[in-house]
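Just below is one structure, and these are the notes that go with it.
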Amino acid sequence: MKKGFLYLCIFILVCLSSCSVGVGYEPPLIPIKIIVNTNGKISVSWSHGLRTPIGTFSIETSTDLTRVASGYEEKVLIVRVDNRVSVYTLDEDKKFTVEFDDKDKLYRSVFLEYSEEGDIILEIHSAPVASQNPTPIVSYTSSTLSCPGAPPQRLEVNEDAKVCTKKDRVILRSGPGSYNSELTRLEPKSIVWVLDGPSCANNWSWWKVRTSWGLVGWMAEGGDSKDDYFLCPN
């Protein structure tokens, strides 16, 4: 009787050690937070820290981001903001979920996909921003299509523009007018997103723009003796 009971216990132990019915591993769920600061700069954080992208580059809006993701051996998160792409690596043994809600203040989420391979693709577009312009220094009517002394305006709000000088960098300022502080200088062929404008000052038309890395300021459309325009439609 005792032997029979002992054999039964051994049989049960063997079954428990060899069978995996109902037993599995679910990777921990890690929330990824897409953070937007007041200047429109986007950063990504998870596991109690900010992550640095392994690559940031411009890309055609028609490009299939799933093909971009397939070019990486590891799992990746791809965040496209308009035509700017940043790629982040994802830990292989973890499951991630993306949290993004900018309340449509600066951006709006338009596409979010989790692939079977574990890649995540998030596309964000610039959202229309309410005007916070100061009163223009020189008033004008839309029928003139230009500021006094400036060439005809060719840019449009909520559209791309590019620096179209021959070789000079163009100054991004804190406000419309050359007396405002300099924030940075953009190289020729740099792409910006037009947020608002125009405002007239210094015989130029000024536009509020956001750079590809999220810095917001004002740029003159142009021009001068070297360049007919500083900013052109893209």
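Tabulated data for the structure shown
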item: Single residue of region 34-52 satisfying the filter (within 17 Å of Val87 (Cβ to Cβ), over 12 Å from the mean Cα position of the chain (by Cα) and not aromatic (Phe, Trp, Tyr)) that is modelled with the lowest pLDDT; result: Leu50
item: Members of region 76-104 that are buried (at least 18 other Cβ atoms within 10 Å of the Cβ) and more than 28 Å from Thr211 (Cα to Cα); result: Phe96
item: Complete set of residues in region 185-224 that are among the hydroxyl-bearing types (Ser, Thr, Tyr), open to solvent by 10 Å² or more (accessible area, probe 1.4 Å) and modelled with pLDDT of 90 or more; result: Ser190
item: From the options Ser143, Ser126, Ser109, Ser131, residue that is modelled with pLDDT under 85 and open to solvent by less than 30 Å² (accessible area, probe 1.4 Å); result: Ser126
item: Residue that is modelled with the lowest pLDDT [pool: residues in region 79-106 that are aliphatic (A, V, I, L, M) and within 10 Å of the chain's Cα centre (by Cα)]; result: Val81
item: Residues satisfying the stated conditions in region 62-73, i.e. open to solvent by less than 100 Å² (accessible area, probe 1.4 Å) and either touching a helix residue (DSSP H, G or I) at 6+ places or on another chain (Cβ under 9 Å) or within 15 Å of Arg84 (Cβ to Cβ) (or both); result: Thr63, Leu65, Val68
item: Residues that are open to solvent by less than 40 Å² (accessible area, probe 1.4 Å), hydroxyl-bearing (Ser, Thr, Tyr) and at pLDDT below 90, drawn from region 146-183; result: Ser146
item: Within region 153-234, strands (runs of 3 or more DSSP E) holding 1 or more residues that are more than 22 Å from Arg80 (Cα to Cα); result: 170-173, 182-186, 191-201, 204-211, 216-220, 231-233
item: Output for region 90-128, where each listed residue is out of contact with any Asp or Glu (no Cβ under 8 Å at 6 or more places or on another chain) and among the aromatic types (Phe, Trp, Tyr); result: Phe96, Phe100, Tyr107, Tyr114
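The values are calculated or read from the model by the stated rules, or taken from the named source; none is laboratory data. Quick caveat: nothing in here was measured; it's all calculated off a predicted structure. Cβ coordinates were reconstructed from backbone atoms using ideal geometry, including for glycine residues, and neighbour counts include every protein chain displayed. For the accessible areas, the whole protein counts, side chains as well, though only heavy atoms, and no ligand, DNA or RNA atoms are used. Shrake-Rupley method; radii C 1.70, N 1.55, O 1.52, S 1.80 Å.
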